[in-house]
Amino acid sequence: MTNKEMKIEFAPGCFDKFEGTQEELDEMVAEIQTLFANMTPEELESRSRVISVDELLEDDSISDDDLENILMAVTSNPNRNLQ
């Protein structure tokens, strides 16, 4: 496997419902980037888990709008590998 550097990309609007300050958001983004900065693709895969649509449908904490957004994100780009 090639040792290609992974890049973290945040989808437009992914933090629209964030209820904190800009400083808190900046800190959270930096923490996420730091968490994955030195992770190999193998380490990322070992920490990932498959989530089924049925599991999402049964999750009462996910609103219909959120579920629709998740499904749109997954189906809008067939080459995207979400984990």
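Taking each residue of the stretch 36-50 that is at pLDDT 85 or above and looking for partners that are of a type in the set (S, T, Y) and not in a loop (DSSP other than H, G, I, E, B) with beta-carbon atoms closer than 6 Å, six or more apart or interchain, yields nothing. Residues of the stretch 48-73 that are closer than 18 Å to E9 by Cβ and not small (G, A, S): N69, I70, M72.
The values are calculated or read from the model by the stated rules, or taken from the named source; none is laboratory data. Because the structure is predicted, anything quoted here is derived from the model rather than measured. All Cβ positions, glycine included, derive from the backbone under ideal geometry; neighbour counts span all protein chains shown.
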